[in-house]
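Peer 1: What follows is a single structure, and I will ask about it in a moment.
The values are calculated or read from the model by the stated rules, or taken from the named source; none is laboratory data. Computed from a predicted model, the values in this text were never measured in an experiment. FYI the Cβ positions are ideal-geometry reconstructions off the backbone, even for glycines, and counts take in every protein chain you see. Heads up: the accessible areas ignore ligands, DNA and RNA and are worked out on the full protein's heavy atoms, side chains in. Shrake-Rupley method; radii C 1.70, N 1.55, O 1.52, S 1.80 Å.
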There are 2 protein chains.
Amino acid sequence: MRPNPESYTVRQVAGFAKISVRALHFYDEIGLLRPAYTGANGYRYYGSEELRRLQDILFYREFGFALDEIRRLLDSPGFDRPATLRSHRRQLKAQAGRIEQLIQTIDQTIMSEEKKTAMNPKKMYAGVSPKKQAEYEKYLTDRYGECATKGIAESKQKTRGWGPADFAREKAGNDELNREFACLLEAGVPPEDPAVQALAARHHKMVCRFWTPTPKAYAAMGDLYGEHPDFRTYYEGFHPKLVPYLAKAIRLYAERELKA
Amino acid sequence: MRPNPESYTVRQVAGFAKISVRALHFYDEIGLLRPAYTGANGYRYYGSEELRRLQDILFYREFGFALDEIRRLLDSPGFDRPATLRSHRRQLKAQAGRIEQLIQTIDQTIMSEEKKTAMNPKKMYAGVSPKKQAEYEKYLTDRYGECATKGIAESKQKTRGWGPADFAREKAGNDELNREFACLLEAGVPPEDPAVQALAARHHKMVCRFWTPTPKAYAAMGDLYGEHPDFRTYYEGFHPKLVPYLAKAIRLYAERELKA
DNA sequence: CTACGCCCTCACGTTACGTGAGGGTCAACC
DNA sequence: GGTTGACCCTCACGTAACGTGAGGGCGTAG
């Protein structure tokens, strides 16, 4: 029951503009974007003029304008848009500057934190405190049972003679590996690509320096990285979507290269 | 009645850390920073350990960490801080990139908007629509009475023969002037400095090309720039604190150079 | 005729506090 | 001993921009 043919329902408009229906309700409520008319059933119907206005709204919203300001901008036709934009530009510049500052400070903090743990190796496995180490071992045993117990034992034996430098080398190598994975992910290279699979091979060799997983166990390792919050945080530090990417690359590698 | 001498009340702590008392209440409420102990009267008392913790809290807050995350960070001793920081660094980088992007887009928009108004001069006074012009005239007459009426009349007569190019020239000159003011303000040069007063002289000459204010009227012009939202927006586009700075420079100039 | 999808209006939850209201406490001064 | 003024407390509502149900009407396809 659409009195006017050139009109769209909330869901349609939301689909066009990729915003939520609730946002449209809200924009109506605050008088930012009213529907062209409302049906007798209370339904909101929007016309092409409203769609154009919505475009403008989203444009300004992108820049972080408050909805209140946007309404004033759009509702006063003679408003000095350039001046307003310049004013906002200044704020954005200041924000960008502040963020750059923060990034520098954070870099320094990261460096000094890493130096601290490097200088204070105690009994750390590559920066993992004995307490955390124990927690991880418990987690793995609970999660994977005997298979994990054997893996941990093997790992402890293999690294028995290692010094802090050895652990640090492995950690650095793994960091580098993850950076490369993240780089390819960012570039849009799919997990089945030979370049990614080559990285997976390096990953597999790295794992084998600690223990020798069965093909099935290895295939599931990528999922492990997403399950424990500490692991996930570590991997997401390289790229927010690294975990599923890595998991797929690892699973593919296991299926193609290990089961054969 | 302070059981422990090395303890501080909310107000004291708030003073040290330059946060509000309410923030301390809130941090207590969410379990982020509990006082060392509470007196029988319900007063919160903080010790040096709490002060150190507060330092850490504010450090992470600076980077935009949520208070919830900060609590987790500080409460789990073995937490992988470097990884968390790197993860956050990524987010900051992404944010910085997005802002740079926005600034570029905004620059383009400003340019195209200004070109549009330049190409479509109609009856605009330097980009001011007749409608807005009327609004400003009413505002001035309401605010300053007859004095403003005469000024407006004089201004209209003086600019009678002007074309769009003349208005554009004046606008550009004024923009440049304001940029220089903003530059000196940013550099910390006080309004009484000869460099700023020289700019004020240029400002006065510019005003005189439109109308001839009495010394008192001229002295008050800076305040006008802060009173009307449109004017303020224009001036704050150059620098958020330009209005009071300009006002002071103008007042000083009027007192020193015009009343004599 | 009923199932399913879309629509509506409340109304509360979110973050990190700001801003009072209403009332007790502390130290000092008279 | 009373009073003043600065401080403290606990509610409790307001902010921005919606998200997320709850509970119920509307429309049409099988």
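Peer 1: Can you pull the percent of chain B's accessible area that's carbon plus sulfur, 1.4 Å probe, other chains left in place?
Peer 2: Result for chain B: 54 percent of the exposed heavy-atom area is carbon or sulfur.
Peer 1: Averaged per residue, what accessible surface does the protein assembly as shown expose to a 1.4 Å probe, in Å²?
Peer 2: 57
Peer 1: Using the Karplus curve 6.51 cos²θ - 1.76 cosθ + 1.60 with θ = phi - 60°, work out ³J(HN,Hα) for each residue of segment B:224-230 in order, rounded to whole Hz, and write x for Gly and Pro.
Peer 2: 4, 4, x, 7, 7, x, 5
Peer 1: Between chains B and A, what is the buried accessible area in Å², counting both sides, with a 1.4 Å probe and ligands, DNA and RNA left out, to the nearest 100?
Peer 2: Answer for the B-A pair: about 4000 Å² buried.
Peer 1: Taking the radius of gyration and the Kirkwood hydrodynamic radius from Cα positions alone, what is the Rg/Rh ratio for segment A:41-94, to two decimal places?
Peer 2: Reported Rg/Rh, Kirkwood definition of Rh: 1.08.
Peer 1: Please report, to one decimal in angstroms, the Kirkwood hydrodynamic radius of segment B:80-120 built from all distinct Cα-Cα pairs.
Peer 2: Hydrodynamic radius (Kirkwood, Cα only) of segment B:80-120 equals 12.4 Å.
Peer 1: So, one more: Restrict the search to segment B:1-95; then list the trypsin sites (Lys or Arg not before Pro) that DSSP places in a loop and that have at most 12 other Cβ atoms within 10 Å of their Cβ.
Peer 2: Answer in residue order: B:LYS18.
Peer 1: Please turn the phi angles of segment A:144-149 into ³J(HN,Hα) values with the Karplus equation 6.51 cos²θ - 1.76 cosθ + 1.60 (θ = phi - 60°), one per residue in order, whole Hz, x for glycine and proline.
Peer 2: Once rounded to whole Hz, the list reads 10, x, 4, 3, 5, 4.
Peer 1: Then there is this: Determine the principal axes of the Cα atoms in segment B:1-95, then give the extent along each, sorted from largest to smallest and rounded to whole angstroms.
Peer 2: 50, 26, 20
Peer 1: Heads up, I need the accessible area for B:LYS116: 1.4 angstrom probe, whole protein in place, Å², nearest 10.
Peer 2: Approximately 120 Å² for this residue.
Peer 1: In Å and on Cα atoms, what radius of gyration and Dmax does segment A:18-58 show?
Peer 2: In Å, with Rg to one decimal and Dmax whole: 9.8, 29.
Peer 1: For segment B:142-171, which chymotrypsin sites (Phe, Trp or Tyr not before Pro) pass both filters: DSSP loop (anything but H, G, I, E, B) and at most 12 other C-beta atoms within 10 Å?
Peer 2: Filter output for segment B:142-171: empty list.
Peer 1: Still on this structure, please answer the following. If you place +1 on the Cβ of every Lys and Arg and -1 on the Cβ of every Asp and Glu, how big does the dipole about the Cα centre of the protein assembly as shown come out, in debye to the nearest 20?
Peer 2: It works out to roughly 60 debye.
Peer 1: What does the helix-only formula give at 222 nm for chain A: each DSSP H stretch with n ≥ 4 adding -39500 (n - 2.57), the total divided by the residues, and the result rounded to the nearest 500 deg cm²/dmol?
Peer 2: Theoretical 222 nm ellipticity from helices: -22500 deg cm²/dmol.
Peer 1: Between chain A and chain B, with a rotation axis joining them, whose C-beta in A is nearest that axis, and what is the whole-Å distance?
Peer 2: Per the Cβ-to-axis criterion, the result reads A:ALA96, 3.
Peer 1: Nm distances between the label at A:GLU192 and the same-position labels in the remaining copies, 7 Å along Cα→Cβ, shortest first?
Peer 2: Nearest to farthest, the other copies are at 7.8 nm.
Peer 1: Further question on the same structure: How big is D, in µm² s⁻¹, for the protein assembly as shown by Stokes-Einstein at 25 °C and 0.890 mPa s if Rh is the Kirkwood radius over C-alpha pairs?
Peer 2: Approximately 83 µm²/s, per Stokes-Einstein.
Peer 1: When the Karplus curve 6.51 cos²θ - 1.76 cosθ + 1.60 is applied with θ = phi - 60°, which whole-Hz ³J(HN,Hα) does each residue of segment B:49-66 get, with x for Gly and Pro?
Peer 2: These are the phi-based 3J(HN,Hα) values: 5, 5, 5, 4, 4, 4, 3, 4, 4, 5, 4, 5, 4, 3, 7, x, 5, 6 Hz.
Peer 1: Related question: Taking the Cα centre of chain A as the origin and placing charges on Cβ (Lys, Arg +1; Asp, Glu -1), which of A:PRO240, A:PRO229, A:LEU140 is farthest toward the positive end of the dipole?
Peer 2: It is A:LEU140.
Peer 1: Follow-up. Scan around A:TYR37 for amide H atoms under 5 Å from its own, H built in the peptide plane at 1.01 Å from N, and keep only partners 5 or more places away or cross-chain.
Peer 2: Residues meeting the amide H criterion: A:TYR45.
Peer 1: Taking the label point as lying 7 angstrom from Cα along the Cα-to-Cβ axis, what are the distances from A:HIS228 to the corresponding position in the remaining copies, in ascending order and in nanometres?
Peer 2: Here A:HIS228 shows inter-copy label distances of 6.7 nm.
Peer 1: Ignore the peptide's own chain and count Cβ atoms of other chains within 10 Å of each Cβ in A:85-98; give me the average, rounded.
Peer 2: 6
Peer 1: In nm², what is the average projected area of the convex hull enclosing the Cα atoms of segment B:137-204?
Peer 2: Averaging across all directions leaves 5.9 nm² for the Cα convex hull.
Peer 1: Still on this structure: Along Cα→Cβ at 7 Å, what distances in nm separate the A:TRP162 label point from those on the other copies, shortest first?
Peer 2: Spacings between copies for this position, smallest first, are 7.7 nm.
Peer 1: What pairs in A:LYS116/A:LYS171; B:LYS138/B:LYS259; B:LYS205/B:LYS259; A:LYS216/A:LYS259; B:LYS116/B:LYS205 have C-alpha atoms more than 18 Å from each other?
Peer 2: Beyond 18 Å between Cα atoms: B:LYS138/B:LYS259; B:LYS116/B:LYS205.
Peer 1: About the Cα centre of segment A:130-258, what is the dipole size in debye to 20, counting +1 per Lys and Arg Cβ and -1 per Asp and Glu Cβ, all else neutral?
Peer 2: Dipole magnitude for segment A:130-258 comes out near 380 debye.
Peer 1: In debye to the nearest 20, how big a dipole does chain B give about its Cα centre with +1 on each Lys and Arg Cβ and -1 on each Asp and Glu Cβ?
Peer 2: 440
Peer 1: Quick one: work out Rg over Rh on the C-alpha atoms of chain A, Rh as Kirkwood radius.
Peer 2: 1.16
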